[in-house]
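The values are calculated or read from the model by the stated rules, or taken from the named source; none is laboratory data. As the structure is a prediction and not an experimental result, all values here were calculated from the model. Ideal geometry is used to build each Cβ from the backbone, glycine not excepted, and the neighbour counts take in all protein chains shown. Side chains included, ligands, DNA and RNA excluded: accessible areas come from the protein's heavy atoms. Shrake-Rupley method; radii C 1.70, N 1.55, O 1.52, S 1.80 Å.
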Amino acid sequence: MAFRGKEMMKKVMKKVGEKNLTPGVEESLKKSIPDSKVVMGRAKRGLFAGRHIQFGNRISEDGGNKSRRTWKPNVQEKRLFSYILDRHIRIKVTTHALRCIDKAGGIDEYLLRTSYQKMDTEMGLFWKAKIEKMYEELGKMEVAFFSPEDEAKFEQGFKDLKLSEREARKQFRQQMYAGLAEQKKAEEGRSYISFVLASSDDYPDKIVANY
């Protein structure tokens, strides 16, 4: 068990940067992270979705003796694809967090829909702030729509490009194999000439008689 809310807020602001946060996000972050919040130490390296270490007693069957024990969450390391970032994210998640992500429809939807109050880890707050910022930037981008004729032209252009690349690769392989064949023939000719010269030194009379 490690850091409290103020330390978490400082680390998130240091990683994301105050200028990169959308308006009102910093206030909501401060409201959602109370000062007395204690988070599991290794939870700052992944998405735990509220699952942390639990404490209890182990009761023996014979005499009912109690001994302290802990329950740790089931943590898995997964590669999750983000459509907003257009790449895979390697992150440690609990099985409960995986079910929440599947239910939401992906890592982007889970981070956008989950409130800051439930993002009780440093990693979760960092990714949520980053995804929200990029989602807002994508919303400001202009989108162009093409007619079906233009789309057909684009598809035909891509097909022609692929065919030309395939033909270029084919010609390159043919030239490479032809060069290798010529090189092999030249090596065979040189080896035969060296063999003839060597045998003429050993048996000159036989070589002359053959000619």
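So the values come out like this:
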quantity	calculated
Selection status of LYS78, at pLDDT 90 or above, within 15 Å of PHE48 (Cα to Cα) and in contact with a strand residue (DSSP E or B) (Cβ under 9 Å, 6 or more places away or on another chain)	yes
Which listed residue, of SER32, SER115, SER67, is of a type outside the set (A, V, I, L, M) and modelled with pLDDT of 90 or more	SER67
Residue within region 79-87 that is under 20 Å from LYS130 (Cα atoms) and in contact with a Leu (Cβ under 8 Å, 6 or more places away or on another chain) present	yes
Search result, residues across region 82-93 that are free of Cβ contacts under 8 Å to residues at least 40 places away in the same chain, under 20 Å from GLY139 (Cα atoms) and in contact with a strand residue (DSSP E or B) (Cβ under 8 Å, 6 or more places away or on another chain)	ARG87
For MET119: the one exception among (1) assigned to a helix (DSSP H, G or I); (2) open to solvent by less than 60 Å² (accessible area, probe 1.4 Å); (3) of a type in the set (A, V, I, L, M)	(1)
Close pairs from region 10-25: first in a loop (DSSP other than H, G, I, E, B), partner at pLDDT 70 or above and open to solvent by less than 30 Å² (accessible area, probe 1.4 Å), Cβ under 9 Å, at least 6 apart	LEU21/MET13; LEU21/ALA129; THR22/ALA129
Enumeration of residues in region 35-51 that are modelled with pLDDT of 80 or more and open to solvent by less than 80 Å² (accessible area, probe 1.4 Å)	GLY46, LEU47, PHE48, ALA49
Residue selected from region 81-96 under the condition of a type outside the set (Asp, Glu), at pLDDT below 90 and outside any strand (DSSP E or B), by the criterion surrounded by the most Cβ atoms within 10 Å (Cβ to Cβ)	ILE84
Criterion: small (Gly, Ala, Ser), at positive phi and free of Cβ contacts under 8 Å to residues at least 12 places away in the same chain - qualifying residue of GLY106, GLY64, GLY157, GLY139	GLY64
Residue in region 139-160 that is open to solvent by 70 Å² or more (accessible area, probe 1.4 Å), closer than 30 Å to LEU80 by Cα, at pLDDT below 85 and in a helix (DSSP H, G or I) present	yes
